[in-house]
Amino acid sequence: MKNKILLSAALLTLTLSASAQKSATITLKADEGKQIIPKEIYGQFAEHLGTCIYGGLWVGEESPIPNTQGYRNDVLHALQELKVPVLRWPGGCFADEYHWMDGIGPKANRPKMVNNNWGGTIEDNSFGTHEFLNLCELLGCEPYISGNVGSGTVEELAKWVEYMTSEGDSPMANLRRKNGRDKAWKLKYLGVGNESWGCGGSMRPEYYSDLYRRYSTYCRNYDGNRLFKIASGASDYDYNWTKVLMERVGHRMEGLSLHYYTVSGWSGSKGSATDFSKEDYYWTMGKCREIEDVLKRHIAIMDQYDKQKRIALLLDEWGTWWDEEPGTIRGHLYQQNTLRDAFVASLSLDIFHKYTERLKMCNIAQIVNVLQSMILTKEDKMVLTPTYYVFKMYNVHQDATYLPLDLECSSVDVRGGRRVPLVSATASRDKEGKVHLSLSNVDVDNAQQVTVHLNGVKATKAIGEILTSAQLTDYNSFEQPDVVKPAPFRDAKVKNGILTIQLPAKSIVTLELQ
Ligand code: AHR
């Protein structure tokens, strides 16, 4: 801890004054909107890790916790309200040790396995293919299956696709029918391995490219189902991985993934989720915003090989990664979620909206009880996290037309040169023509008067919601579940085509222009 304070003091230069009003200017170019923000940018990820599946999403039909076919009702309803567009499963690292046939048929006959990646927990396979795909139906979302390339066979993956999607008199379709599901599911997104450079097989990109070509060849399109095949992509700054895959796999893949976590902390630890300083917070904002540069560089490489942008980039793991909560099981990646996490969500989404010509899906890690989750559960209790509320306030942008904007604001310099702008914003026009503007005032101490020049929008008023709290470190606990939650926001006025917003310190606002 002492080291941490010393390092922070040495490396951080804050140029903020205390408790003053600041200003920012936005020029909204509402008549220049072209690109749709695919709803899949708001995708989620559920891994067999800690209590994400067991206890989080799934309690089983015999549980005293109120459930629908084994899915806990409170979580199900909260996720239905969130409008989850796509859910990635079963991993993560777990995917490359998962053998899907162990997770079908009568539960009593399903073999157990050791979840080697995540704390050595015994996995009883009671949540398998049927339970996942039926959950997606209940949520009204697209499933995204991550296939096992690291320790599985080509035959195994090929048969899984047949099991899920074949309508015919095929062996796997008949096995599915025997297990109680007559009609094939529709499966679009198929990941061919996960982190194949690491937990997914420690491969070189050249070797993985060949494996991708081999495995994907046998993943067939059955009976009108069309797979969108996704190659396992780079981590963070590994631009060579992207280059090699574009060269060697090219148009054999519909999508290429990327993982980027906002990991901070000093002295070897990732840092506490709830106990952090203002300096730590600004550093985290900088690290989170760095995704923009990382996206640009991967996209530039993809552009060299695919000028028509036919291959999508999918950021299928992102979010904050802190030290596990004290007292929780090691390897279960259970962490609390504060207002700081909410800002990582809003700032990231603002950036993602800008790159959707190439970036077609993002999956925050993870949906319940793991890393930057939407929801935390403990036995029969559930809390919604600040990140949940950002996703809810932002879901107006799903499938809306992205509206470009110019933003001028002051910034803060953090730890040897990283500049963090203090205001972030994004805007879109939905299918009914309504314009929404989301704004984040990252500044901990100062309110911002934001002046928005509304080019191309006729509006007379703006109303919306605000997410803020007394302290950056505030979070929702099982004892106090409503510390950080949205409230109505009316501090915005429109006059003569100019919208003026009084944005309180450390706040996130979404407005509808009327
Ligand atoms: O989300 C947790 C883990 O992070 C995933 O299993 C893995 O893909 C990544 O390293």
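The values are calculated or read from the model by the stated rules, or taken from the named source; none is laboratory data. Just so it is clear, the model here is predicted, and its values are computed rather than measured. Backbone-built Cβ (ideal geometry, glycine too); neighbour counts: all protein chains shown.
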For residue 167, work out the one condition from (1) under 21 Å from residue 127 (Cα atoms); (2) not in a helix (DSSP H, G or I) it doesn't fulfil. (1)
Would you call residue 210 at pLDDT 95 or above, assigned to a loop (DSSP other than H, G, I, E, B) and assigned by TED's automatic domain parsing to the domain that holds residue 129? no
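Rundown of residues vs (1) of a type in the set (A, V, I, L, M); (2) buried (at least 19 other Cβ atoms within 10 Å of the Cβ), yes/no style:
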| residue | (1), (2) |
| --- | --- |
| 482 | no, no |
| 498 | yes, no |
| 507 | no, yes |
| 512 | no, no |
Among the numbered criteria (1) surrounded by fewer than 22 Cβ atoms within 10 Å (Cβ to Cβ); (2) basic (Lys, Arg); (3) out of contact with any strand residue (DSSP E or B) (no Cβ under 7 Å at 6 or more places or on another chain), which one does residue 358 miss? (3)
Residue hits (segment 135-168; within 21 Å of the chain's Cα centre (by Cα) and polar (S, T, N, Q)) are 146
Kindly evaluate residue 429 against the criterion of being surrounded by 15 or more Cβ atoms within 10 Å (Cβ to Cβ) and modelled with pLDDT under 95. no
Name the residue, out of 235, 216, that is within 16 Å of the ligand (Cβ to nearest atom) and among the hydroxyl-bearing types (Ser, Thr, Tyr). 235
Give just the number: which of (1) in contact with a helix residue (DSSP H, G or I) (Cβ under 6 Å, 6 or more places away or on another chain); (2) loosely packed, with under 14 Cβ neighbours inside 10 Å; (3) closer than 27 Å to residue 41 by Cα does residue 416 not satisfy? (3)
Scan (1) under 29 Å from residue 117 (Cβ atoms); (2) surrounded by fewer than 20 Cβ atoms within 10 Å (Cβ to Cβ) for the single condition residue 224 breaks and write down its number. (1)
Quick check on my filter: what residues within segment 90-109 are within 16 Å of the ligand (Cβ to nearest atom) and more than 14 Å from residue 145 (Cβ to Cβ)? 93, 97
Residue set 387, 401; condition within 16 Å of the ligand (Cβ to nearest atom) and hydroxyl-bearing (Ser, Thr, Tyr); output residue 387
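What residue, among those in segment 328-347 that are of a type in the set (Ser, Thr, Tyr) and in a loop (DSSP other than H, G, I, E, B), is farthest from the ligand (Cβ to nearest atom)?
For segment 328-347, the residue satisfying everything is 328.
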Mind checking whether some residue in segment 236-254 is in contact with an Asp or Glu (Cβ under 7 Å, 6 or more places away or on another chain) and not in a helix (DSSP H, G or I)? no
Being assigned to a loop (DSSP other than H, G, I, E, B) and under 27 Å from residue 188 (Cα atoms), is that true of even one residue in segment 421-429? no
For segment 37-44, state whether one or more residues are within 16 Å of the ligand (Cβ to nearest atom) and modelled with pLDDT of 95 or more. yes
Find the residue count for segment 19-39, including only residues that are among the small types (Gly, Ala, Ser) and surrounded by 13 or more Cβ atoms within 10 Å (Cβ to Cβ). 4
Would you check if residue 192 is within 16 Å of the ligand (Cβ to nearest atom), of a type in the set (A, V, I, L, M, F, W, C) and surrounded by fewer than 21 Cβ atoms within 10 Å (Cβ to Cβ)? no
So, of the residues in segment 77-87 that are in contact with a helix residue (DSSP H, G or I) (Cβ under 9 Å, 6 or more places away or on another chain) and outside any loop (DSSP other than H, G, I, E, B), which turns out to be nearest to residue 393 (Cα to Cα)? 82
Please tell me if residue 61 is more than 16 Å from the ligand (Cβ to nearest atom) and assigned to a loop (DSSP other than H, G, I, E, B). yes
Among residues of segment 348-367 being of a type outside the set (Asp, Glu) and in a loop (DSSP other than H, G, I, E, B), the residue nearest to residue 234 (Cα to Cα) is 358
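Yes/no matrix, rows are residues, columns are (1) under 23 Å from residue 417 (Cα atoms); (2) in contact (Cβ under 8 Å) with a residue 60 or more places away in the chain; (3) over 21 Å from the mean Cα position of the chain (by Cα):
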site: 233; (1), (2), (3): no, yes, no
site: 240; (1), (2), (3): no, no, yes
site: 249; (1), (2), (3): no, no, yes
site: 254; (1), (2), (3): no, no, no
site: 262; (1), (2), (3): yes, yes, no
site: 293; (1), (2), (3): yes, no, no
site: 301; (1), (2), (3): no, yes, yes
site: 311; (1), (2), (3): no, yes, no
site: 323; (1), (2), (3): no, no, no
Name the residue, out of 316, 303, 280, that is in contact with a Lys or Arg (Cβ under 9 Å, 6 or more places away or on another chain), within 16 Å of the ligand (Cβ to nearest atom) and charged (D, E, K, R). 316
